[in-house]
Each structure stands twice: as C-alpha cells, then as structure tokens.
1. Can you pull out every residue in segment 268-301 that is under 21 Å from Asp161 (Cα atoms) and not small (Gly, Ala, Ser)?
2. Mind checking which pairs have a first residue in segment 119-139 that is open to solvent by 10 Å² or more (accessible area, probe 1.4 Å) and a second that is of a type in the set (Phe, Trp, Tyr), Cβ under 6 Å, 6 or more apart or different chains?
3. Name the residue, out of Pro244, Pro235, that is more than 40 Å from the chain's Cα centre (by Cα) and either closer than 21 Å to Leu146 by Cβ or without any contact (Cβ under 8 Å) to a residue 60 or more places away in the chain (or both).
4. Looking only at residues in segment 263-281 that are free of Cβ contacts under 8 Å to residues at least 60 places away in the same chain and hydrophobic (A, V, I, L, M, F, W, C), which one is farthest from Ile151 (Cα to Cα)?
5. Are any of the residues in segment 167-183 open to solvent by less than 20 Å² (accessible area, probe 1.4 Å), without any contact (Cβ under 8 Å) to a residue 60 or more places away in the chain and not in a strand (DSSP E or B)?
6. Among the listed residues Pro121, Pro114, which satisfies the condition of being under 22 Å from Ser232 (Cα atoms) and at pLDDT below 95?
Amino acid sequence: MSDLILNVTFGVVEPARRVPAGNRKHRNFLRRRYLERKRALGQKERQAAPQPGGGRPKKRSRKRKMKVDGGEREEHEGKDPPGSSGGREPSARSITQETGAKGTQGAKKGTQGPVRASGLPPAPSKFVAIDCEMVGTGFRGQTSALARCSIVNYEGDVLYDSYVRPTEPIVDYRSRWSGICKKHMLNAVPFWEAQKEILKILSGKVVVGHAVHNDFMALKYFHPKALIRDTSKIPLLNQKGGFPEKKAVSLKDFAKKLLRKDIQVGKSGHCSVEDARTTMELYKIVEAEWEQHLILNSEQK
C-alpha cells in the first residue's frame, strides 16, 4: 500500500486581483482615493491630487511687501491684484481714452484763461476801439473804400495802424477829411492782407467805434452785435453832453463837450489814431452805467 502524502497549506488564499477598468489616469485617481481613505497619502501628494471636477487646485495667494519710492506696497502672488487688467496689458484704445481725457482737460485749463462771472461787464483787456479812413472809388468816387485803419486798446495804446491799398483804383482821395494822399499808397498794404490782420485783432473783442457800421462796411466784415459799442448810439452820452437823446452827434462835438478837447481841426484831415482814442475815452465816461443797462436787458430777454 503506497503512502499518501498530503501537502496541506494553512493560510488564507488571496483572491485574484481585479484589474481596475479605465485608463491610466482613472486608475491613478482611484488609487489616490483609496490611499486618502487609509490616510496613507502624504501632504504633497494630497495637494497634487486632481479635484473631482477635473480642474487644478487653486493656488493660495501670497503677499509680499516691496519697497517702492521709499514706501511699501503689497504685491500679490498667485492672483491679479485688485483693479488690475487680469494680467493683460491695457489696449492702445484704453490708453488713448484715459490719457486723451486728461490731456484735454489740462489743455482746457491752460488755454481757457480767466472767466468773468455772469452779471459782470467784459474785462478791459477785451475792449478795442477802431477808426477807419476812406477814399472814393468807382463812378465819380462815390464808393467808399478802406485806405487807413487804426486800432487801440482800452488804455489807448496802438495795436494796429496802417495805410491800405483798395482793390479798385482810387478816384477821389477825400484828403480834406481822410488825410490820405497819393504818397500814402506807395507802401500801403493790399486790402486782403490788411483785412486778415485786422480781423485777427477784432476776433472775440468788444469793439468800440463811432458810427462803427461804416468801418465794418469798409472792412467788408460783420461783427457780432453783442460785442459792439457804438458811441453814436448810446443815449447816456447824449444826456451827459446835453444833446437830444435821438440826435446823431458827431465825434468832434462829443469830444468838445465831454472831453474838453478839439479834434479833426486844420486842413490835414482826420487822424484815425486820434479818433479811435477819443472814442474809447467817450465810452469810458458811461462804461459802468451802459454795461449794467446791457446786462439787465439781456436778462429780461
């Protein structure tokens, strides 16, 4: 009888391992979940573990202080600081809009100049007085043409004074009144050139003149009505001079009565500089009252 030898092994036989389904990435995820439950996963591995949503873990923002211009400011790491553009450089359009707006405001402040409050008369620097002398052109010299123009400021200083050559041939020099002779036209400024210089001075100014519409007509120009002070149409001057209110008083008579001086005398004709200064002096006599009168009328309208 043969001996029967039994080889008995006492122990627990482990079942065959199941190969987890899915790709390698999924298997790694399941392994990490298993180790996390067993608390066998290290701190670094735990931070690097993928989130259930599939996204990366958010980095904790850290702050560090940097010295800037002698002071300190906080620099954010891991996320953009408040008010930043999300790590992107600002577009050229945003830079233009920001700097353009500031530049425009700065330019306005620099060029605007002093502004007078409403209800106040214009500043003296805004006033000029003008006087023109004319000669005759056209049929029998009946058309008046500019031959001299003088402009003075509020203080009577000369801003412009020049002889002007008309565009048409001169028929009558009217020397008795204008003081213009043929010799004055030799070096005279052409009309269009003179007009350009004169209008540049008058632009934005309050223009004082006596029967100034004649001067504007010779200049072929229309000045804003609100910026005109015609001493031949200011009733206050007539009242102060003792003239009828609606009478058209000459500049010569006003100067004699109110300024106690004689102008436009002799045979040499008128001096446009003298006449412009006289006109400004007459205006100053009634300036305060007349400007207040104009302000009240504009407010009522």
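The values are calculated or read from the model by the stated rules, or taken from the named source; none is laboratory data. Nothing here was measured: the structure is a model prediction, and the numbers come from that model. All Cβ positions, glycine included, derive from the backbone under ideal geometry; neighbour counts span all protein chains shown. These accessible areas exclude ligands, DNA and RNA; they are computed on the full protein's heavy atoms, side chains included. Shrake-Rupley method; radii C 1.70, N 1.55, O 1.52, S 1.80 Å.
1. Taking segment 268-301 first, the residues under 21 Å from Asp161 (Cα atoms) are 268-283.
Matches in segment 268-301: His270, Cys271, Val273, Glu274, Asp275, Arg277, Thr278, Thr279, Met280, Glu281, Leu282, Tyr283.
2. Once the first residue is open to solvent by 10 Å² or more (accessible area, probe 1.4 Å) and sits in segment 119-139, its partners that are of a type in the set (Phe, Trp, Tyr) give Pro124/Tyr154.
3. Pro244
4. Step by step, filter segment 263-281, then rank; the result is Val265.
5. Step one: filter segment 167-183 for residues open to solvent by less than 20 Å² (accessible area, probe 1.4 Å), giving 178-180.
Among the residues that remain, those that are also without any contact (Cβ under 8 Å) to a residue 60 or more places away in the chain are: none.
No, because not a single residue in segment 167-183 is open to solvent by less than 20 Å² (accessible area, probe 1.4 Å), without any contact (Cβ under 8 Å) to a residue 60 or more places away in the chain and not in a strand (DSSP E or B).
6. Among Pro121, Pro114, only Pro121 is under 22 Å from Ser232 (Cα atoms) and at pLDDT below 95.
So that you can scan it fast, the table gives a plain yes or no per residue for (1) at pLDDT 95 or above; (2) within 24 Å of Arg176 (Cα to Cα); (3) in contact with a Leu (Cβ under 9 Å, 6 or more places away or on another chain); (4) hydrophobic (A, V, I, L, M, F, W, C):
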| site | (1), (2), (3), (4) |
| --- | --- |
| Glu245 | no, no, no, no |
| Asp275 | yes, yes, yes, no |
| Thr279 | yes, yes, yes, no |
| Leu282 | yes, no, yes, yes |
| Ile285 | yes, no, yes, yes |
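Yes/no per residue for (1) out of contact with any helix residue (DSSP H, G or I) (no Cβ under 6 Å at 6 or more places or on another chain); (2) under 16 Å from Arg277 (Cα atoms); (3) modelled with pLDDT of 95 or more:
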residue: Val128; (1), (2), (3): yes, yes, yes
residue: Ala145; (1), (2), (3): yes, no, yes
residue: Ser150; (1), (2), (3): no, yes, yes
residue: Asp157; (1), (2), (3): yes, yes, yes
residue: Arg176; (1), (2), (3): yes, no, no
residue: Trp192; (1), (2), (3): yes, no, yes
residue: Val212; (1), (2), (3): yes, yes, yes
residue: Leu227; (1), (2), (3): yes, no, yes
residue: Thr231; (1), (2), (3): no, yes, yes
